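*Asks:* Please find one structure pasted underneath; my questions will follow.
The values are calculated or read from the model by the stated rules, or taken from the named source; none is laboratory data. Here the structure is a predicted model, which means the values were calculated and not measured. FYI the Cβ positions are ideal-geometry reconstructions off the backbone, even for glycines, and counts take in every protein chain you see. In case anyone asks, the SASA skips ligands and DNA or RNA and just uses the protein heavy atoms, side chains included. Shrake-Rupley method; radii C 1.70, N 1.55, O 1.52, S 1.80 Å.
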Amino acid sequence: MDFLSNIVQQVITVLYNMTATVGLPNYGLAIIIMTIIVKILLYPLTKKQIESTKAMMAMQPKMKAIQEKYKNDKQRLNMELANLYKQENVNPLAGCLPLLVQMPIMIGIFYGIRDFHYVGPANFLWIQSISNPDPMYILPVLSALTTFMQSKQTMPDTSSAQNKMMLYFMPLFIGYISFSFPAGLVLYWVVMNLMQIGQQALMNKATVK
């Protein structure tokens, strides 16, 4: 993971130098640009993951009916579920592979930004140094809010207790831990969420058309 985090830190430095050449030297801006680039590059994987998740959610009523009908016959249950996947042309593991590919990258970015050593001023808007937590708690609140919006967008079915718990618990947890994280890391999370929300909205719009 050190290899990936070192690459992330090098990219931030390069982007910071680029902002400096146009007269706007700012590490926060460099992190925003890097996040946008990463989300654009990973869009094909994100699209595949979202499509697989939506397909699985659309199948839930049929799956529940099969599970209820064959709840006492596990062998028949597995066979019927396999037939359902085949009929709907859905691979239940299709959403896992994109996630597995993205996960090391996301972890590398996390450690890269968290452990980044800023050279010179690291101010950003109201924050004196993004190497420290946000003193006004604006970014942690935004991290919780955007996480909730993203979860709500990708989890339209909140009828189950488990989904409800995840919908509200995860944003609160992200917001809570963001209070102690460097502001640069929380900034990355907020921008990443906003990009994810935008990409999801574009995909939903394209599906409707």
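*Asks:* Every residue in the stretch 86-113 that is more than 17 Å from the chain's Cα centre (by Cα) and either more than 16 Å from MET59 (Cβ to Cβ) or free of Cβ contacts under 8 Å to residues at least 12 places away in the same chain (or both), please. Before the answer, list the steps.
*Replies:* Applying the first criterion (more than 17 Å from the chain's Cα centre (by Cα)) to the stretch 86-113 yields 86-94.
Within the stretch 86-113, LYS86, GLN87, ASN89, LEU93 qualify.
*Asks:* Same structure, new question: Go over the candidates ILE36, ILE66 one by one and state the one that is among the aliphatic types (A, V, I, L, M) and in contact with an Asp or Glu (Cβ under 6 Å, 6 or more places away or on another chain). Step through it out loud before you land on a result.
*Replies:* Details: ILE36 fails: in contact with an Asp or Glu (Cβ under 6 Å, 6 or more places away or on another chain).
When all the criteria are applied, what remains is ILE66.
*Asks:* So, one more: Exactly one condition in (1) of a type in the set (A, V, I, L, M); (2) farther than 19 Å from MET56 by Cβ; (3) not in a loop (DSSP other than H, G, I, E, B) is not met by VAL119; state its number.
*Replies:* (3)
One line per residue, one yes/no per condition, for (1) open to solvent by 60 Å² or more (accessible area, probe 1.4 Å); (2) hydrophobic (A, V, I, L, M, F, W, C); (3) modelled with pLDDT of 80 or more; (4) farther than 30 Å from LYS64 by Cα:
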{"residue": "LEU99", "(1), (2), (3), (4)": "yes, yes, no, no"}
{"residue": "PRO104", "(1), (2), (3), (4)": "no, no, yes, yes"}
{"residue": "GLN128", "(1), (2), (3), (4)": "yes, no, yes, yes"}
{"residue": "SER131", "(1), (2), (3), (4)": "no, no, yes, yes"}
{"residue": "ASP134", "(1), (2), (3), (4)": "no, no, yes, yes"}
{"residue": "LEU145", "(1), (2), (3), (4)": "yes, yes, yes, yes"}
{"residue": "PRO156", "(1), (2), (3), (4)": "yes, no, no, no"}
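*Asks:* Within the stretch 24-39, does at least one residue satisfy the condition of being among the polar types (S, T, N, Q) and open to solvent by 80 Å² or more (accessible area, probe 1.4 Å)? Walk me through how you get there before you give the answer.
*Replies:* Of all residues in the stretch 24-39, those among the polar types (S, T, N, Q) come to 26, 35.
Next, from what is left, pick out any that are open to solvent by 80 Å² or more (accessible area, probe 1.4 Å): none.
For the stretch 24-39, residues among the polar types (S, T, N, Q) and open to solvent by 80 Å² or more (accessible area, probe 1.4 Å): absent.
*Asks:* Looking at the structure I just gave you, is LEU81 assigned to a helix (DSSP H, G or I), under 28 Å from THR154 (Cα atoms) and open to solvent by less than 90 Å² (accessible area, probe 1.4 Å)? Even if it seems obvious, please write down each step before you answer.
*Replies:* Working: assigned to a helix (DSSP H, G or I): yes; under 28 Å from THR154 (Cα atoms): yes; open to solvent by less than 90 Å² (accessible area, probe 1.4 Å): yes.
For LEU81, the condition - assigned to a helix (DSSP H, G or I), under 28 Å from THR154 (Cα atoms) and open to solvent by less than 90 Å² (accessible area, probe 1.4 Å) - is met.
*Asks:* For residues in the stretch 52-78 being among the polar types (S, T, N, Q) and within 30 Å of ILE109 (Cβ to Cβ), which is least open to solvent (accessible area, probe 1.4 Å)? Reasoning before the result, please.
*Replies:* Within the stretch 52-78, the subset among the polar types (S, T, N, Q) is 52-53, 60, 67, 72, 75, 78.
Narrowing further to those that are within 30 Å of ILE109 (Cβ to Cβ): 52-53.
Values: SER52: 14, THR53: 59 Å².
For the stretch 52-78, the residue satisfying everything is SER52.
*Asks:* Taking the stretch 176-191, which residues are in a helix (DSSP H, G or I) and either surrounded by fewer than 22 Cβ atoms within 10 Å (Cβ to Cβ) or more than 16 Å from the chain's Cα centre (by Cα) (or both)?
*Replies:* To start, the set of residues in the stretch 176-191 that are in a helix (DSSP H, G or I) comprises 176-178, 183-191.
The answer is TYR176, ILE177, ALA183, GLY184, VAL191.
*Asks:* Same structure, new question: Taking the condition open to solvent by less than 50 Å² (accessible area, probe 1.4 Å) and closer than 30 Å to PRO25 by Cβ, does PHE110 pass? Before the answer, list the steps.
*Replies:* Working: open to solvent by less than 50 Å² (accessible area, probe 1.4 Å): no; closer than 30 Å to PRO25 by Cβ: yes.
Here the answer is no, as PHE110 does not meet what is asked.
*Asks:* Still on this structure, please answer the following. Out of curiosity, is GLN49 farther than 28 Å from ALA201 by Cβ, part of a helix (DSSP H, G or I) and open to solvent by 30 Å² or more (accessible area, probe 1.4 Å)? Don't jump to the end; show me each part of the working.
*Replies:* Details: farther than 28 Å from ALA201 by Cβ: no; part of a helix (DSSP H, G or I): yes; open to solvent by 30 Å² or more (accessible area, probe 1.4 Å): yes.
In short, no.
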